[in-house]
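Each remark here refers to the structure printed beneath this line.
Every number in this text was worked out from the coordinates using simple rules, so none of it is lab data. Keep in mind the model is a prediction, meaning the values are calculated, not measured. Ideal geometry is used to build each Cβ from the backbone, glycine not excepted, and the neighbour counts take in all protein chains shown.
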Amino acid sequence: MNDIDEIVKGIYLKEPRAIGRAISIIEDGDQRAGALLKQINAKNIQESTILGITGPIGTGKSTIINQLIAHYRKQGNRVGIVAIDPSSPVSGGAFLGDRIRMMRHAMDKDVVVRSMATRGKQGGLCAAAAAAVRIMICSGCDPVIIETVGVGQAEIDVVRLADITILVLAPGVGDEIQMMKAGIIEIADIVVVNKAECPGADSLFMELENVLHQRNCTVCRVIAREAYGIEKLAVFIGVIDKERRKSGQFTNKRKQTRETEIIDYAIEMMRDELRRRLKEYPGNYTGDPRTIARKLIDDICIAELDTSKRNCPEVFL
Amino acid sequence: MDIQQCRGRILIGKPGLDGHDRGAKIIARSLRDDGFEVIYTGIRRTPEEIALTAIQEDVDVVGLSVLSGAHNELFPEVLKALHQAKGGDIPVIGGGIIPEEDIQHLKELGMYEIFTSGTPVQTILNTFREATEKYRQRKHKII
């Protein structure tokens with residue numbers, strides 16, 4: 001399982017070994033990552049829906065996903081799951097425990113689960129999440145569900161990557177003041193109150209409806225462990241997906257996501273060059289950092305212009 | 001987003017009906033603190049479930065814990081299931097209450113190493129490191 005062509009072929013043939021290895025190659029920054037990504041241009045990428053599940057620690061994200069998997073499998077869909085947990089800032093290691101809640105699907109070859117660690121990335125996802133999603137879509141998964149790390153208020157990267165973002169809350173996570181704060185709660189498409197049988201769930205539900213009814217955000221109650229409310233949640237997801245595809249919002253958002261991802265990669269690729277130049281730059285450790293950054297960028301642009309002057313229209317010079 | 005590397009990916013599995021997972025959890029935590037990404041299956045898994053999970057997660061080593069005495073049946077079954085799932089090359093390390101006389105036999109069947117209770121954690125970590133490094137060299141080899 002080392003030949004890239006063989007791995008690419010395997011992804012399309014739904015071979016678990018190939019899918020797993022492909023994600024590792026991207027995640028580890030293996031030299032073959034570029035060649036692999038070039039070949040996995042998913043034609044079906046527009047047909048597949050990407051769901052993001054986010055929320056604080058211990059609200060039941062994995063358990064809800066476990067139930068959603070069962071729902072989509074009953075409908076005959078192949079489901080992909082990218083489950084992300086944090087890397088230790090001390091050792092770099094991680095304990096990836098989301099999968100335990102989904103083990104009842106372990107023997108189902110049409111449930112593709114990959115546990116991933118953040119590896120130093122902030123924002124609730126890992127750097128290779130988008131690529132892992134694409135690999136799963138290539139292997140026929142629809143939907144692909146991304147589970148973020150347990151989040152606070154501002155980890156909103158998942159909203160960018162997912163077509164539909166579901167925020168999972170549970171009673172006991174905060175009062176109405178928390179619901180008024182800015183952040184993820186403003187951009188989630190569906191807010192789920194899990195553990196709806198527990199005390200405090202009804203008042204949380206009412207507070208959320210109060211805050212969210214202005215922007216047409218759906219709030220629903222579920223008891224994930226008993227699968228209560230899951231069918232309804234799936235209906236809400238389906239309705240939003242259909243509406244957005246019809247209105248063009250789906251395509252627009254995908255386009256935006258793509259642009260941001262390209263820019264992120266471009267910046268990432270420039271990082272080494274910038275570091276190299278900064279070392280040569282006189283006075284790099286004194287003076288205003290922003291001014292030095294501007295000068296660095298200007299120098300690169302001027303060097304670029306010098307080499308391409310002949311072909312460059314005057315207006316850009 | 002500077003990408004940080006991990007030492008390796010390990011699956012810790014508990015096959016069979018034994019529910020004593022303190023040992024598995026201690027090893028999982030020690031591996032985490034040593035820079036490994038650890039996926040834990042939870043208790044009472046079948047050998048097939050463990051093998052398919054190892055393949056999906058593309059782990060570098062599988063660690064199994066058995067304290068029920070069924071190691072002579074369960075360890076070989078995991079090896080067999082891994083082989084059938086085209087993952088026969090993944091090293092498998094076992095641990096638990098295992099009599100001295102069974103160890104040689106299990107290693108002959110393909111277990112990478114067997115640890116009994118009382119083994120210092122550092123010895124276990126060193127073996128996981130060694131097995132991971134060997135496996136990752138093959139994994140990221142360009143042909």
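If you count, for every residue in A:97-109, the Cβ atoms of partner chains within 10 Å of its Cβ, what is the mean?
Numbers: counts 5, 1, 8, 5, 1, 1, 8, 1, 1, 10, 5, 1, 2.
Across the residues of A:97-109, the mean count of other-chain Cβ atoms within 10 Å is 4.
Can you compute the label reach from A:Glu186? Point 7 Å from Cα along the Cβ direction, backbone N cut-off under 20 Å, restricted to region A:193-212.
Inside the label zone: A:207-212.
Taking K and R as +1 and D and E as -1, what net charge do the other residues with C-beta under 9 Å from the C-beta of A:Arg17 add up to?
Details: positive: A:Arg21, B:Lys86; negative: A:Glu15, B:Asp58.
Taking every other residue near A:Arg17 into account, the sum is 0.
If I take the Cα coordinates of chain B and project them onto the principal axes, what are the three extents in Å, biggest first?
If we take the Cα atoms of chain B, the spans are 46, 31, 26 Å.
What does the average come to when, for each residue of peptide B:38-51, you count the partner chain Cβ atoms lying within 10 Å of its Cβ? Can you show the working numbers first?
Working: counts 7, 13, 6, 4, 5, 2, 1, 2, 2, 0, 2, 5, 2, 1.
Partner-chain Cβ atoms within 10 Å, mean over residues of B:38-51: 4.
How large is the charge dipole for the protein assembly as shown, taken about the Cα centre, if only the Cβ atoms of Lys, Arg (+1) and Asp, Glu (-1) carry charge, to the nearest 20 debye?
Details: 62 positive and 63 negative charges, 171 e Å.
About 820 debye.
About its Cα centre, what dipole magnitude does region A:15-95 give when the only charges are +1 on Lys and Arg Cβ and -1 on Asp and Glu Cβ, stated in debye to the nearest 20?
On the way: 9 positive and 6 negative charges, 67 e Å.
It comes to approximately 320 debye.
Report, as a whole number in µm² per second, the diffusion coefficient that Stokes-Einstein gives for region B:20-83 at 25 °C and 0.890 mPa s using the Kirkwood radius over alpha carbon pairs. Show your work: numbers first, answer last.
Numbers: Rh = 12.4 Å.
The calculation lands on 198 µm²/s.
How many partner chain Cβ atoms sit within 10 Å of a residue's Cβ in peptide B:8-21, on average, as a whole number? Mind dumping the intermediate values first?
Working: counts 2, 9, 2, 3, 1, 0, 0, 0, 0, 0, 0, 0, 0, 0.
Partner Cβ neighbours, averaged per residue: 1.
When only C-alpha pairs under 8 Å and at least 6 residues apart count, what is the relative contact order of region A:1-92, in percent?
Taking the mean separation of contacting Cα pairs over the length of region A:1-92, I get 15 percent.
Just from its helices, what would the mean residue ellipticity at 222 nm be for the protein assembly as shown, if runs of 4 or more DSSP H residues each count -39500 (n - 2.57) and the sum is divided by every residue, rounded to the nearest 500 deg cm²/dmol? Write down the numbers at each step before the final one.
Details: 17 runs with 212 residues, N = 460.
Mean residue ellipticity at 222 nm (helix-derived): -14500 deg cm²/dmol.
Residue by residue through region B:100-107, which ³J(HN,Hα) values in whole Hz follow from phi under the Karplus form 6.51 cos²θ - 1.76 cosθ + 1.60 (θ = phi - 60°), with glycine and proline marked x?
Values, residue by residue: 3, 6, 8, 4, 4, 4, 5, 5 Hz.
Quick check: net charge around A:Val159, other residues with Cβ under 12 Å of its Cβ, Lys/Arg +1 and Asp/Glu -1?
On the way: positive: A:Arg160, A:Lys253; negative: A:Glu155, A:Asp157, A:Asp163, A:Glu186, A:Asp189.
Neighbourhood net charge equals -3.
Grab the Cα-Cα distance for A:Gln31 and A:Glu273, subtract it from 0.36 nm times how many residues apart they are, and report the gain in nm with one decimal.
Details: separation 242, 0.36 × 242 = 87.12 nm, distance 1.87 nm.
In short, 85.3 nm is gained.
For A:Glu226 and A:Gln249, what does the FRET efficiency come to when R0 = 30 Å and r is the distance between their Cβ atoms, rounded to the nearest 0.05?
Working: r = 34 Å, r/R0 = 1.12.
E(calc), rounded to 0.05, equals 0.35.
Non-local amide H neighbours of B:Ile98 (under 5 Å, H modeled in plane, Pro and chain starts lacking H): which ones?
Here B:Ser117 satisfy the definition.
Check which residues have an amide H placed less than 5 Å from A:Ser115's amide H, if you skip close sequence neighbours.
Long-range HN contacts for A:Ser115: A:Ala83.
With the radius of gyration and the Kirkwood radius both derived from the Cα set of chain A, what is their ratio Rg to Rh? All intermediate terms of the calculation are to be shown ahead of the outcome.
Details: Rg = 22.2 Å, Rh = 21.6 Å.
Computed over Cα atoms, the ratio is 1.03.
Which residue, A:Glu47, A:Glu15, A:Glu273, has the most motion in a Gaussian network model of chain A that connects Cα atoms within less than 10 Å?
Taking springs between Cα atoms under 10 Å, the residue moving most is A:Glu273.
Have a look at A:Gln46, A:Gln31, A:Gln256 and tell me which one the Gaussian network model of chain A (Cα, springs below 10 Å) gives the largest fluctuation.
A:Gln31
Rg (Å, one decimal) plus Dmax (Å, integer) for the alpha carbons of region A:1-41?
For region A:1-41, the Cα radius of gyration and maximum Cα-Cα distance read 8.9, 24 Å.
Please list, in chain and number order, the residues 5+ apart from B:Leu64 or on another chain whose amide H is under 5 Å from its amide H, with Hs placed from the backbone.
Sorted by chain and number, the residues that satisfy this are B:Gly13, B:Ile93, B:Gly94, B:Gly95.
Quick one: 3J(HN,Hα) in Hz for region A:17-34, Karplus 6.51/-1.76/1.60 with θ = phi - 60°, rounded, Gly and Pro as x.
Result, ordered by residue: 4, 5, 5, x, 5, 4, 5, 4, 4, 5, 4, 7, x, 4, 4, 7, 4, x Hz.
Taking A:Lys295 as the anchor, which lysines have their alpha carbon closer than 29 Å to its alpha carbon, excluding any fewer than eight residues away along the same chain?
Cross-link targets: A:Lys121, A:Lys279, A:Lys309.
Out of all DSSP beta bridges in chain A, what portion is antiparallel? Express it as a percent rounded to 5.
On the way: 1 of 28 bridges.
Antiparallel bridges make up about 5 percent of those DSSP assigns within chain A.
Could you run the Karplus curve 6.51 cos²θ - 1.76 cosθ + 1.60 with θ = phi - 60° over region A:252-267 and give me ³J(HN,Hα) per residue in whole Hz, x for Gly and Pro?
Once rounded to whole Hz, the list reads 4, 5, 4, 5, 4, 4, 4, 4, 4, 5, 4, 4, 4, 5, 4, 5.
Can you give me the relative contact order of chain B as a percent, contacts being Cα pairs under 8 Å and 6 or more apart?
Values: 234 pairs, mean separation 34.6, N = 143.
Worked out over chain B, it gives 24 percent.
Taking the highest mean first, how do the peptides A:240-247, B:86-93, B:11-18, B:128-135 order by number of other beta carbon atoms within 10 angstrom per residue?
Numbers: A:240-247: 13.8, B:86-93: 19.6, B:11-18: 24.1, B:128-135: 18.1.
Those peptides, ordered most packed to least, come out B:11-18, B:86-93, B:128-135, A:240-247.
Size of the dipole of region A:43-247 about the Cα centre, Lys and Arg at +1 and Asp and Glu at -1 on the beta carbon, nothing else charged, in debye to 20?
Working: 24 positive and 22 negative charges, 157 e Å.
Dipole magnitude for region A:43-247 comes out near 760 debye.
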